[in-house]
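The values are calculated or read from the model by the stated rules, or taken from the named source; none is laboratory data. Remember, it's a predicted structure, so these values are computed and weren't measured experimentally. Neighbour counts run over all protein chains shown; Cβ positions are idealised from the backbone, glycine included. Accessible surface is based on the protein model in full, side chains and every heavy atom, while ligands, DNA and RNA are left aside. Shrake-Rupley method; radii C 1.70, N 1.55, O 1.52, S 1.80 Å.
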Amino acid sequence: MGSCKTRGSPRIQRLCPYDCVSFVTGVFSEIHLLQIQFMTCTNNVTELVIAGLFQDPEMQKVCFVLFLSMYLATVVGNGLIIVTVSVSKSLHSPMYFFLGCLSLVEICYSSSVVPKFITDLLAKVKTISLKGCLSQIFFFHFFAVTEIILLVVMAYDRYVAICKPLHYMNIMSCQLCHMLVAGSWLGGFIHSIIQVLITIPLPFCGPKVIDHYFCDLHPLFKLACKDTFVEGGIVLVNSGLISLFSLTILVSSYTIILFSLRKRSAEGRRKALSTCASHITVVILFFGPAIFIYMRPSSTFTGDKLVAVFYTVITPMLNPIIYTLRNAEVKVAMRKLWGKKENSGMGQ
């Protein structure tokens with residue numbers, strides 16, 4: 001049998017068909033082995049470690065007491081508003097219906113992050129499963145966007161009440177109010193499911209320490225074993241469109257309201273502005289930190305954690321205080337509610 005003759009370099013000329021087949025087979029075997037190793041590597045993270053807010057044990061104990069008190073105040077304050085709006089007949093209007101719904105969302109929103117955060121303050125090693133992390137991301141964004149849309153709905157309610165007072169009850173019917181609230185929950189769900197669906201396919205093969213005190217998208221993206229520029233862009237567009245659209249409606253509503261108030265008397269302007277001041281304050285407190293975090297590229301600023309504390313812990317606690325202190329009807333209704341309870345207790 002003659003030797004294998006090919007043109008080219010001497011090294012190639014020495015390869016016969018059997019050697020060529022062996023070489024190609026070996027290359028494909030190596031590629032297949034690398035693929036198996038990569039697939040195994042991408043699926044080897046099932047538990048994540050949360051870095052936390054502070055590393056000093058004494059500071060963590062102080063934060064535990066402080067943030068536990070704030071969380072309890074959030075639940076009690078918002079819960080009291082829900083009960084007051086539900087029981088008091090004087091508050092059975094669209095504005096207070098939306099306020100009660102907002103308080104419910106505030107409790108859920110804070111509860112998606114704070115209880116885990118508080119318990120981690122007393123733990124030496126702060127861990128969370130990857131599935132638990134994705135669940136926290138889903139519920140956190142779900143309730144956050146639901147709150148954003150509810151704030152827009154409340155701004156529209158104030159616009160109709162002030163600019164079209166004669167048609168207010170016809171426009172803001174019970175059916176429309178329920179549809180607007182249901183739409184806010186649906187919008188939050190759609191936004192959140194998109195965020196989670198683009199995160200689930202990401203490969204995580206280490207490191208597994210999240211540089212935050214709870215699971216969020218940008219800190220989790222940094223742990224992925226691939227470039228997350230596209231995913232980060234989708235998150236930025238998704239969050240940015242909702243924020244910009246909501247802010248546009250909010251600013252437009254209150255601009256129209258302010259122009260319409262020029263025709264009112266001083267007393268009329270004072271009453272109208274008093275009902276809007278609480279809402280504007282809550283909008284600023286919520287949108288300011290959220291825009292700082294989500295409407296810019298991912299960063300490593302340590303200040304991001306402190307900003308996140310503001311909108312996950314402090315703002316939900318402040319909302320009941322803001323609405324009750326600046327709203328005489330809510331304060332009167334709360335006094336009547338507590339007065340009834342005291343009288344019923346004395347009667348027993």
Is at least one residue of region 136-152 buried (at least 22 other Cβ atoms within 10 Å of the Cβ), touching a strand residue (DSSP E or B) at 6+ places or on another chain (Cβ under 6 Å) and not hydroxyl-bearing (S, T, Y)? no
Count of region 240-260 residues which are out of contact with any His (no Cβ under 8 Å at 6 or more places or on another chain) and surrounded by 14 or more Cβ atoms within 10 Å (Cβ to Cβ): 11
Exactly one of these conditions fails for L197: (1) within 20 Å of the chain's Cα centre (by Cα); (2) without any contact (Cβ under 8 Å) to a residue 24 or more places away in the chain; (3) farther than 30 Å from L223 by Cα. Give me its number. (3)
Please go through region 281-310 and give me each residue that is open to solvent by less than 40 Å² (accessible area, probe 1.4 Å) and either aliphatic (A, V, I, L, M) or modelled with pLDDT of 90 or more (or both), ordered by number. V282, V283, L285, A290, I293, V307, A308, V309
Against the definition (open to solvent by less than 20 Å² (accessible area, probe 1.4 Å) and either under 15 Å from the mean Cα position of the chain (by Cα) or modelled with pLDDT of 95 or more (or both)), how does G183 come out, yes or no? no
Do we have V237 as at negative phi, free of Cβ contacts under 8 Å to residues at least 24 places away in the same chain and either touching a helix residue (DSSP H, G or I) at 6+ places or on another chain (Cβ under 9 Å) or open to solvent by less than 50 Å² (accessible area, probe 1.4 Å) (or both) here? no
